Amino acid sequence: MPISTHAVVVGAGIAGVMTALYLQRRGCSVTLVDRWEPGHSRASSSDYNRILRAIHGSDEMYTRWVREARLRWMELEQELNTELYIECGALILAEEGHSTWEEVTMPTFDKLGVPYVRVGPDELPVRFPQFDFRKVAFGLWEPEAGMVLAHRAVTETFKQFQREGGQFKRGRVTTDETEIPLLDGKPLSADLVVMSCGSWLAYLFRQTLGPLLKVIRQDIVYTSTPDGDRSFDADQMPCFVDHGYGAYGIPSVYGWGVKAAIAWHASDIDLDDEDRVVDQSAIARSRQYWAYRFPRLANEIVIDQKACHISMTPDTHFIIDFHPQHSNVLIVGGCSGHLFKHGPMLGDYVAGVGLQEWGTAPRFKIGPRTSMPMSESPSGR
């Protein structure tokens with residue numbers, strides 16, 4: 001790369017703003033581009049919060065990344081003087097007969113020194129009285145886990161990028177028939193173009209990423225907590241991953257209510273033309289889940305909702321690789337639902353790949369991929 005590198009980063013979600021910041025801090029001249037304002041509600045990085053947890057099954061790389069990202073989130077919130085990370089812990093529920101992912105996690109945690117407690121079925125209701133633990137064989141309690149305040153993290157990181165001299169431009173990026181990026185119809189001219197466009201990557205690079213990316217809808221529902229009951233607040237309840245049920249969620253903070261997502265993957269979404277509202281089937285599924293796992297929330301009202309989306313790769317590994325025909329175009333995406341928490345690590349790593357300080361890992365390359373067995377899956381999917 002030239003000594004004074006001009007970089008354009010397309011997409012102002014968490015991957016984009018973090019990459020832009022780390023490129024700026026490496027001395028590049030950086031322009032961040034998005035169709036809308038950073039933090040907009042159409043993006044993969046929208047919503048109030050995201051779980052930060054180290055559990056990635058037997059995968060040591062992602063586990064190490066999260067442990068480092070946790071420290072960087074803490075450092076960034078001190079630098080910005082604003083709360084970005086709430087360490088309320090995370091509880092992973094291992095269902096009877098469906099606990100492979102949790103079982104292979106414990107040796108990984110032991111090897112890497114990640115604090116955790118395996119909590120048996122008799123002790124779980126004592127430690128975590130908010131839950132009904134039917135069909136749960138054991139829980140993995142990760143005390144040094146929690147939530148990142150997602151919307152705030154994106155917007156505050158963006159402001160810091162601007163304070164450090166980064167430029168922002170509103171505009172629509174498309175691609176031509178050879179997949180060269182175009183800004184408002186004209187080729188993007190830069191030493192490095194980073195395409196971190198979330199789910200829109202599947203639209204922009206249909207030839208290159210068509211076999212690799214599937215965009216799916218992920219409806220999020222927030223329910224009220226009972227009157228005067230603080231036990232579902234973040235200082236008393238952890239984030240949770242209900243792996244056997246296919247659900248995950250976050251306790252209430254700032255009065256947002258308890259968040260739940262049922263990770264069923266039957267629904268597509270039109271990113272440009274579909275309204276961002278959840279449908280009644282998603283609300284019904286959420287109510288069914290509350291009644292099953294949190295009986296005291298069964299009759300509470302829905303107080304907020306988010307119609308989100310994620311781009312899934314077959315093996316759930318990210319994509320961080322140069323376009324096979326355009327040597328200055330670096331594609332970053334394939335969040336597979338577990339990218340946000342890695343934000344600072346991912347941005348630093350992508351900046352290094354883009355400036356050729358290091359190559360990308362084989363797992364991130366563009367090429368044939370297949371689904372992974374549960375014993376090897378980093379995401380548990």
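Of all DSSP bridge pairs formed entirely within the chain, close to 65 percent run antiparallel. Charge tally for Pro125 (other residues, Cβ to Cβ under 11 Å; Lys, Arg +1; Asp, Glu -1): -1. With a Förster radius of 25 Å applied to the beta-carbon distance between Gln207 and Thr370, the computed FRET efficiency rounds to 0.80. Farthest toward the positive end of the dipole of segment 305-378, out of Leu339, Ile366, Gly354, is the Cα of Leu339, where the dipole comes from beta carbon charges about the Cα centre. Axis angle, to the nearest 10 degrees, between helix 100-112 and the longest C-alpha principal axis of the chain: 70 degrees.
Report, ordered by chain and residue number, the lysines lying within cross-link reach of Lys159, taken as a straight Cα distance under 22 Å and ignoring same-chain residues fewer than 8 apart. Cα-Cα hits under 22 Å: Lys169, Lys341.
Under the shape rule built on the C-alpha gyration tensor, where the axes satisfy a ≥ b ≥ c, segment 102-231 is prolate, since a/c reaches at least 1.5 and a/b is greater than b/c. Only the Cβ atoms of Lys and Arg (+1) and of Asp and Glu (-1) were treated as charged; on that basis the dipole of the chain about its Cα centre amounts to roughly 360 debye. Excluding same-chain neighbours fewer than eight residues apart, the aspartates and glutamates reachable from Lys365 by a Cα-Cα span under 20 Å are Asp59, Glu60, Glu179, Asp315, Asp321, Asp348, Glu357, Glu376.
Taking max minus min of the alpha-carbon positions on each principal axis, the chain gives extents of 61, 43, 42 Å, largest first. Overall form of segment 154-251: oblate. Here a/c, set by the Cα gyration tensor axes a ≥ b ≥ c, is 1.5 or more, and a/b is not larger than b/c.
Once you have a ≥ b ≥ c as the square roots of the Cα gyration tensor eigenvalues for segment 1-62, tell me rounded if a/c is under 1.5, and otherwise prolate or oblate according to whether a/b is larger than b/c. Oblate. In this calculation the C-beta distance from Asp268 to Ser4 is compared with R0 = 56 Å, giving a FRET efficiency of 0.85.
Please report the net charge: other residues with Cβ closer than 12 Å to the Cβ of Val350, K and R +1, D and E -1. Local charge sum for Val350: -2. Hydrodynamic analysis of segment 1-118 uses the Kirkwood radius over alpha carbon pairs. Inserted into Stokes-Einstein at 10 °C and 1.306 mPa s, it gives a translational diffusion coefficient of 93 µm²/s. Computed from the Cβ-Cβ distance with R0 of 25 Å, the FRET efficiency linking Asp122 to Ala291 stands at 0.60.
Taken over segment 99-162, the ratio of Cα radius of gyration to 2.2 N^0.38 Å equals 1.58.
When all alpha carbon pairs of segment 236-356 are counted in 5 Å bins from zero, the resulting P(r) reads 2, 8, 15, 18, 17, 14, 11, 7, 5, 2, 1, 0 %. Axis angle, to the nearest 10 degrees, between helix 150-163 and the longest C-alpha principal axis of the chain: 30 degrees. Helix content alone sets the calculated 222 nm mean residue ellipticity of the chain: runs of n ≥ 4 DSSP H residues at -39500 (n - 2.57) each, divided across all residues, give -8000 deg cm²/dmol. Each other residue within a Cβ distance under 13 Å of Arg172 adds +1 if Lys or Arg and -1 if Asp or Glu, for a net charge of +2.
Across segment 68-74, computed HN-Hα scalar couplings (Karplus, 6.51 cos²θ - 1.76 cosθ + 1.60, θ = phi - 60°) run 6, 4, 4, 5, 5, 4, 5 Hz from first to last residue, x flagging Gly and Pro.
Each of Gln236, Val258, Ile220 was scored by the projection of its Cα onto the charge dipole of segment 214-279, and the greatest displacement toward the positive side belongs to Gln236; charges sit on the C-beta of Lys, Arg, Asp and Glu.
So which aspartates and glutamates pass the test for Lys186, namely a Cα distance under 18 Å, with those fewer than 8 places away in the same chain ruled out? Output for Lys186: Asp34, Asp176, Glu177.
Principal-axis analysis of the Cα atoms of the chain puts helix 280-293 at an angle of about 50° to the longest axis.
Spin-label model, Asp275/Lys111: points 7 Å from Cα along the beta carbon direction are separated by 5.0 nm.
Amide H contacts for Leu182 (H built 1.01 Å from N in the peptide plane; partners 5 or more residues away or on another chain; cut-off under 5 Å): Thr174, Thr175, Asp176, Leu188. One Cα centroid belongs to segment 308-345, the other to segment 170-223; the line between them spans 11 Å.
Bear in mind that the values in this text are calculations on the coordinates, not laboratory data. All figures in this text were calculated on a predicted structure; none of them were measured in a lab. Note: ideal-geometry Cβ built from the backbone for every residue, glycine included; neighbour counts use all protein chains shown.
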